[in-house]
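Peer 1: Let me give you the structure first, and then I'll get to my questions.
The values are calculated or read from the model by the stated rules, or taken from the named source; none is laboratory data. Everything numeric here is computed off the predicted structure, so don't read it as measured data. Every residue, glycine among them, receives a Cβ derived from its backbone with ideal geometry; neighbour counts consider all protein chains shown. Just the protein is used for accessible areas: all its heavy atoms, side chains included, with ligands, DNA and RNA removed. Shrake-Rupley method; radii C 1.70, N 1.55, O 1.52, S 1.80 Å.
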Amino acid sequence: MEGYHSAQVSVRVRLNTNESPAAPPDAWRDAYAGEISRIEWHRYPDRAATALRQAIGESHHVDESQVFVANGSNEVLQTLLLTFAGAGRTVATFEPTYQLHGHLARISGATVVEGERADDFRLDLAEVDRVIDSAQPVITFLCSPNNPTGMVEPAENVHHLLDRAPGLVVVDEAYGQFADWSALELLDEELPLVVTRTFSKTWSMAAARLGYLVGPSWLVSELEKVVLPYHLDTAKQHAGRLALRFTDEMDERVRQIVGERERIAAALTALPVQVWPSGANFILFRPLTIEGHDVWRQLVDRSILIRDCSGWPRLEGCLRVTVGTHDENDEFLAALQAILSS
Ligand code: PMP
């Protein structure tokens with residue numbers, strides 16, 4: 001099998017992995033340094049990560065028993081798949097979408113059935129019905145906003161999946177804070193629905209590797225049986241708990257990123273490229289006059305790295321740019337304009 005790759009080139013402007021362009025607030029660093037100095041390093045961490053789960057639960061107005069935490073939302077996804085998927089079972093995705101959903105499902109031993117999105121990359125509900133009825137998946141993945149297209153899934157589509165799917169519906173909201181609605185609104189102890197989130201984007205903590213899901217408490221108990229004991233180290237538990245004290249700062253960053261996203265989107269419409277509407281911190285576009293991969297390479301020559309999706313199925317010629325700082329975005333736009341007019 002092929003591994004999961006994202007080209008890591010040494011460049012000045014890095015806009016390829018959808019990280020936050022800003023570091024966490026200084027006050028968070030100070031609080032974290034204080035906690036680190038008090039850690040009892042000879043002791044295992046709090047296995048239940050109680051304080052962290054309580055803090056996350058409070059932020060979403062749910063009980064800590066409805067919160068599962070892990071090393072990045074990727075490990076949350078992996079634990080879901082180890083718990084509910086595996087050999088002899090089927091998992092459904094709707095492509096193009098986040099590649100790790102299918103990748104991790106296959107590693108669990110499951111069969112992956114890939115439904116196709118419509119030409120405009122929206123979910124095609126007739127295709128959803130066809131895939132679900134024929135494959136009877138134990139897990140159906142949705143990604144909203146969808147990576148790499150940026151599209152936010154409307155609530156009625158999530159309702160449709162919940163009505164139709166025989167198993168669990170996982171809504172991956174790694175970029176949920178940048179969108180105008182969240183499937184968190186739909187959560188219910190009686191519904192087989194979970195929403196996954198991450199500290200890697202809005203919370204400016206990609207280095208920490210911390211993610212979580214919110215879902216029914218019975219489901220969280222099942223995941224706890226599967227995940228390794230003490231999988232979440234003490235330092236990380238402090239990092240996440242303390243980060244949640246800086247909600248106002250993080251909301252302000254989200255506002256800035258959304259503002260910059262709209263500025264980039266508007267600038268792209270003036271260039272010979274096709275652009276898809278985004279509710280995330282990145283934008284998918286397709287250069288129309290020069291082949292996408294050539295544009296990507298010429299950007300790298302100018303020390304600007306974006307994501308080359310041009311070889312991915314259904315995304316011929318497409319590139320994905322992460323929203324950076326105002327200056328980084330200016331550099332990217334100026335370089336793109338120069339390349340496309342050369
Ligand atoms: N889901 C999606 C849709 C993502 O794009 C990413 C990051 N590339 C993840 C999950 C994984 O994020 P984390 O850093 O929390 O593992």
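Peer 1: Would you mind calculating the gained length between Arg29 and Trp41 on full extension (0.36 nm times residue separation, minus the Cα-Cα distance), in nm to one decimal?
Peer 2: Gain in length upon complete extension: 2.4 nm.
Peer 1: Which residues make up the longest stretch of the chain clear of trypsin sites (Lys or Arg not before Pro) that lie in a DSSP loop with no more than 15 other Cβ atoms within 10 Å, not counting the sites?
Peer 2: The longest uninterrupted stretch comes out as 123-313.
Peer 1: For the range 37-245, just say rounded, prolate or oblate: build the C-alpha gyration tensor, square-root its eigenvalues into a ≥ b ≥ c, call rounded for a/c under 1.5, and beyond that prolate if a/b exceeds b/c, oblate if not. Can you show the working numbers first?
Peer 2: Values: a/c = 1.95, a/b = 1.63, b/c = 1.19.
Verdict is prolate for the range 37-245.
Peer 1: What are the chymotrypsin sites (Phe, Trp or Tyr not before Pro) within the range 206-291 that DSSP puts in a loop, where the Cβ has at most 13 other Cβ atoms within 10 Å?
Peer 2: In loop regions of the range 206-291 (DSSP not H, G, I, E or B), the sparsely surrounded chymotrypsin sites (Phe, Trp or Tyr not before Pro) are Tyr230.
Peer 1: Contact order normalised by length for the chain, with contacts defined as Cα pairs under 8 Å and 6 or more residues apart; what percent is it? Could you put the intermediate results ahead of the total?
Peer 2: Numbers: 631 pairs, mean separation 78.0, N = 342.
Dividing the mean separation by the residue count of the chain yields 23 percent.
Peer 1: Taking Cα pairs under 8 Å and at least six residues apart, what relative contact order does the range 19-177 come out at, in percent?
Peer 2: Worked out over the range 19-177, it gives 17 percent.
Peer 1: Would you work out the charge dipole size for the range 226-342 about its Cα centre, treating the Cβ of every Lys and Arg as +1 and the Cβ of every Asp and Glu as -1, and quote it to the nearest 20 debye?
Peer 2: Result for the range 226-342 is approximately 360 debye, rounded to the nearest 20.
Peer 1: Another question, if that's okay. Toward the positive end of the charge dipole of the chain, about the Cα centre and with charges on Cβ (Lys, Arg +1; Asp, Glu -1), which of Ala266, Met151, Trp28 goes farthest?
Peer 2: Of Ala266, Met151, Trp28, it is Trp28.
Peer 1: Right, something else. Nearest 500 deg cm²/dmol is fine: what mean residue ellipticity at 222 nm does the chain get from its DSSP H runs of n ≥ 4 alone, each adding -39,500 (n - 2.57), divided by its residue count? Intermediate values should be presented prior to the final figure.
Peer 2: Numbers: 11 runs with 134 residues, N = 342.
The helix-only estimate for the chain comes to -12000 deg cm²/dmol at 222 nm.
Peer 1: Using only the Cα atoms, what convex hull volume per residue in Å³ does the range 49-115 have?
Peer 2: Roughly 101 Å³ of hull volume per residue.
Peer 1: Using a/c under 1.5 as the rounded threshold, could you call the range 91-155 rounded, prolate or oblate? The axes a ≥ b ≥ c are square roots of the C-alpha gyration tensor eigenvalues, and prolate needs a/b larger than b/c, oblate otherwise.
Peer 2: Oblate, because a/c is 1.5 or more while a/b does not exceed b/c.
Peer 1: Express in nm, to one decimal, how much length is gained between Glu116 and Asp330 on full extension, taking 0.36 nm for each residue of separation and deducting their alpha carbon distance. Show your work: numbers first, answer last.
Peer 2: On the way: separation 214, 0.36 × 214 = 77.04 nm, distance 3.49 nm.
My answer for the length gained is 73.6 nm.
Peer 1: Rounded to a whole number, what % of the accessible area of the range 37-245 do carbon and sulfur atoms account for, probe 1.4 Å?
Peer 2: Summing carbon and sulfur atoms, their accessible area is 48 percent of the total for the range 37-245.
Peer 1: Also: What accessible area per residue comes out for the chain, rounded to a whole number of Å², with a 1.4 Å probe?
Peer 2: 43 Å²
Peer 1: Pick out, from Gly211, Leu299, Leu52, the residue whose Cα sits farthest towards the positive end of the charge dipole of the chain, with +1 on the Cβ of Lys and Arg and -1 on the Cβ of Asp and Glu.
Peer 2: Most positive-ward Cα: Leu299.
Peer 1: Given charges of +1 on the Cβ of Lys and Arg and -1 on the Cβ of Asp and Glu, with all other atoms neutral, how large is the dipole of the chain about its Cα centre, in debye to the nearest 20? Could the numbers behind the result be given before it?
Peer 2: Details: 30 positive and 48 negative charges, 191 e Å.
For this selection, approximately 920 debye.
Peer 1: Separate question: In angstroms, what radius of gyration and Dmax does the range 158-265 have, counting Cα atoms only?
Peer 2: 15.9, 46
Peer 1: Quick one: go through the range 68-107 and flag any residue whose amide nitrogen is under 15 Å from the point 7 Å out along the Cα-to-Cβ line of Ser217.
Peer 2: Counting only backbone N, you get 68.
Peer 1: Follow-up. At 7 Å along the Cα-to-beta-carbon direction for both Ser342 and Ala126, put a label point, then send me their distance in nm to one decimal.
Peer 2: Using points 7 Å along Cα→Cβ, the separation is 4.5 nm.
Peer 1: I've got another one for you. In the chain, which whole DSSP H runs stretch at least 20 Å along their own axis (Cα) and average -0.5 or higher on the Kyte-Doolittle scale?
Peer 2: 326-340
Peer 1: Please compute the modelled spin-label separation between Asp294 and Arg255, points set 7 Å along Cα→Cβ, answer in nm with one decimal.
Peer 2: Label-label distance for Arg255 and Asp294, simple model: 4.4 nm.
Peer 1: From the Cα gyration tensor of the range 267-342, with a ≥ b ≥ c the square roots of its eigenvalues, which class applies: rounded if a/c is under 1.5, or else prolate if a/b is larger than b/c, or else oblate? Mind showing how you got there, number by number?
Peer 2: On the way: a/c = 1.34, a/b = 1.09, b/c = 1.23.
Here the range 267-342 falls in the rounded category.
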